[in-house]
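Just below is one structure, and these are the notes that go with it.
FYI, it's all coordinate maths here, none of it is from the lab. Worth saying up front: this structure is predicted, and the values here are computed from it rather than measured. Because the Cβ atoms are built from the backbone with ideal geometry, glycine has one as well, and the counts that use them run over all protein chains shown.
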Amino acid sequence: MTEADPTPEGALVLIAGAGRLPELVAESLRRARRPFRVIALRGFTGATLRASADATVDLLDLAATLKLLRRWGPAVVVPAGGVSRPSPAAILNAGAALRNREALRAIAGGGDDRLLRAAVTLVEEEGHRVVGVHEAAPDLLCPEGPIGRRTPDAEAAASIRSGRGVLDALSPYDLGQAVALAGDRILAVEGPEGTDRMLARARVLGRRPFGFGRAMPATVLVKAPKVGQDRRIDLPAIGPRTVRNAARAGCVGLALEAGGTLIIDRVATAAVADSLGLFVVGYGATP
């Protein structure tokens, strides 16, 4: 199909940001035999998906994205992947930046949620329905219960309860979606740097200086969406790399909100957790 062709009835458009998630969403849609198109964001979308995308646009060229959506007329639009701050490649189009000065201001000031919500609002104002990855590719969500062979013991379960309380309390402040803690002692809260760097801080703070020594007992990583978060955008996610970094930080396991956290490659994630002796568990809504 060309860019001017109508999208088949019931099809969707995947707006692909950074990371592996957009590729996994595309794979899930293929398995479900759901017709879809891909808009790649220059400077963000991975090379593999970008090569097969139906169109590539600059992050700041909002007019071009909306023009494509008007042509294609999709049933739904699915944003997936990170667009927290533009890379140099994403802002090379000076004309796009000039046409979208308001977008630049949104990026310069305010958190990631503000930027993402603004983009969703613009798409909805054009009459398109926006849905999240959890609706378009529900098989990527963490289920309730253990992922792998191990489960948390009583001490780890107490740390998980504390972590859930911390994340609930911090939600209104637009901080991260993860916390590392041991019992009631908070080692690190995720900020704009992301989970991997947070775990690196937790490794140092939970051990002797420079990350050496024995980790604190019952150290866990807890991840969940913010309370009241628009789940169509920026759901928390983990994958094999997260499990490896959690192990380096001295964690005995990871606890994820079931239905609210994405698992990047569930089979590989479970295998890495089993090999390192960590649990990965999805918890329900009731503490």
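Key figures for this structure:
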| item | result |
| --- | --- |
| Distance between region 219-287 and region 174-198 - C-alpha centres, whole angstrom | 13 |
| For region 218-270, the spread of Cα positions along each principal axis, largest first, Å | 32, 24, 14 |
| Antiparallel DSSP beta bridges within region 141-283, percent to nearest 5 | 50 |
| Residues 251, 142, sorted so that the one with the fewest Cβ neighbours within 10 Å comes first | 142, 251 |
